[in-house]
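Structure, as structure tokens:
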Protein chains: 2
Amino acid sequence: MQQCETPAAQAACSVLEVLGRVSGKWSIGILLVTTQGPARFTELERQVKGISRRMLTLTLRNLERDGLLTRTVYPTVPPKVEYTATPMARELYDSLLSLTGWAERHLHEIDRARADYDAEAAVAADGARTPALTG
Amino acid sequence: MQQCETPAAQAACSVLEVLGRVSGKWSIGILLVTTQGPARFTELERQVKGISRRMLTLTLRNLERDGLLTRTVYPTVPPKVEYTATPMARELYDSLLSLTGWAERHLHEIDRARADYDAEAAVAADGARTPALTG
DNA sequence: CCGTATCCGAAAAGATACTG
DNA sequence: CAGTATCTTTTCGGATACGG
């Protein structure tokens, strides 16, 4: 990876780029809200449950820097700042829907795989505690 | 987020689920290689540039646990272990192509946005050092 | 209201020696 | 060959006091 030479590797690099931007713990939540329409800082703080002030600011700045969000300051008192998803961000959100589809189709399968794996791991650990009953 | 009540929020939650699985620093790289065909441990260590032994093992285990990778051990000496992407993983990779497309379409735009943002930030910082020349 | 600055703990990740 | 165990470094994220 990260040499991006072959076409396939190139694709992977782009994906990694996007994921890097979007995979933060809070990015998608913010993108979601701001895609519905302009949102103010405190509004986001309430709607994106569990986010801290610090992380809200940081994530907003990053998204703004990447051109996914526009920040509009109204020089009123008290201050008013609105964040809106850019067209590019809306397009991204559409692309994410493809992932959503995959997730919905396979969530059960994944859960089952996990359960199986964990069960296997459990018996393996047990086997290690009481070894070689088959003599 | 993370209450998943409204349909839109539900979608976001699924996406977050997937991203959580796939957004690790190395997951996609591994998925890419194993989607091309079975790969052995050392092979992956070489192909996924920069990965440490530890992270390779951890990521492989997680992907296996989620049912995205199958692990096949050949009881030979020296040992031989092969990792292969499951059909579910191949499907996921197809979905990621949608993101790849978005990334390719907008990489320039993003770079420009970043440059603009950083330039703005620079002049703002400079303005703070030498304030109020406009009197 | 809208942030920034600071401090701290948790978690991720790197390096690498060691083992079946 | 294919890992595991251990130690250290780095990054991420939460709490919160303060400022325009």
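Throughout, read-outs are computed from the coordinates displayed, never taken from laboratory work. Keep in mind it's a predicted model, so treat the numbers as computed, not measured. We place every Cβ from the backbone using ideal geometry, glycine too, and count neighbours over all the protein chains shown.
Remark: label point of A:His108 defined 7 Å out from Cα along the Cα-Cβ vector; separations to the same position in other copies 4.6 nm, ascending. Compactness of the range A:7-128, taken as the C-alpha radius of gyration over 2.2 N^0.38 Å, stands at 1.42. The mean number of Cβ atoms from other chains found within 10 Å of a Cβ in peptide B:103-110 is 6, as a whole number.
What is the distance in Å between the Cα centroid of the range A:79-132 and that of the range B:56-135? Between the Cα centres of the range A:79-132 and the range B:56-135 lies a distance of 16 Å. Checking the cross-link filter: which lysines have an alpha carbon closer than 29 Å to that of B:Lys80, excluding same-chain neighbours under 8 positions apart? Reachable lysines: B:Lys25, B:Lys49. Rounded to the nearest whole Hz, the Karplus-based 3J(HN,Hα) values (6.51 cos²θ - 1.76 cosθ + 1.60, θ = phi - 60°) of the range B:71-80 follow the sequence 10, 10, 9, 9, x, 9, 9, x, x, 9, with x at glycine and proline. Positive end of the charge dipole of the protein assembly as shown (Lys, Arg +1 and Asp, Glu -1 on Cβ, about the Cα centre): tell me which of A:Thr70, A:Leu96, B:Thr57 has its Cα farthest that way. Farthest towards the positive pole: B:Thr57. Backbone amide hydrogens, once placed in the peptide plane, bring B:Leu69 within less than 5 Å of B:Glu64, B:Thr86, excluding anything fewer than 5 places away on its chain.
Label point of B:Glu82 (7 Å along Cα→beta-carbon): distances to the other copies' equivalent points are 5.9 nm, sorted ascending. In order along the range B:110-123, phi translates into HN-Hα couplings of 5, 4, 5, 4, 5, 4, 4, 4, 5, 4, 3, 4, 5, 5 Hz, rounded to whole numbers, per the Karplus curve 6.51 cos²θ - 1.76 cosθ + 1.60 with θ = phi - 60° and x for Gly and Pro.
Could you work out the mean count of beta carbons from other protein chains within 10 Å of each residue's beta carbon in A:59-71? Could you put the intermediate results ahead of the total?
Values: counts 0, 0, 2, 2, 0, 2, 9, 7, 9, 3, 1, 0, 0.
Counting Cβ atoms of other protein chains within 10 Å of each residue's Cβ and averaging gives 3.
A label point on B:Glu45, set 7 Å along the Cα-to-Cβ line, lies at 5.0 nm from each of its counterparts in the other copies, closest listed first. Each of the peptides B:75-82, B:44-51, B:116-123, B:21-28 was scored by the mean count of other Cβ atoms within 10 Å over its residues; in descending order, highest first, they stand as B:21-28, B:44-51, B:116-123, B:75-82.
Computed from backbone phi with θ = phi - 60° and the Karplus coefficients 6.51, -1.76 and 1.60, the 3J(HN,Hα) list for the range A:83-94 is 10, 9, 6, 7, x, 4, 5, 5, 4, 4, 4, 4 Hz; x is used for glycine and proline. If the elastic network links every pair of Cα atoms under 10 Å, which of A:Thr86, A:Thr35, A:Thr100 fluctuates the most in the Gaussian network model of chain A? Top of the fluctuation ranking is A:Thr100. Shielding by partners for peptide A:22-35, expressed as the average number of C-beta atoms from other protein chains within 10 Å of each residue's C-beta, is 4. In this Cβ point-charge picture (+1 for Lys and Arg, -1 for Asp and Glu), the range B:7-128 has a dipole of about 820 debye about its Cα centre.
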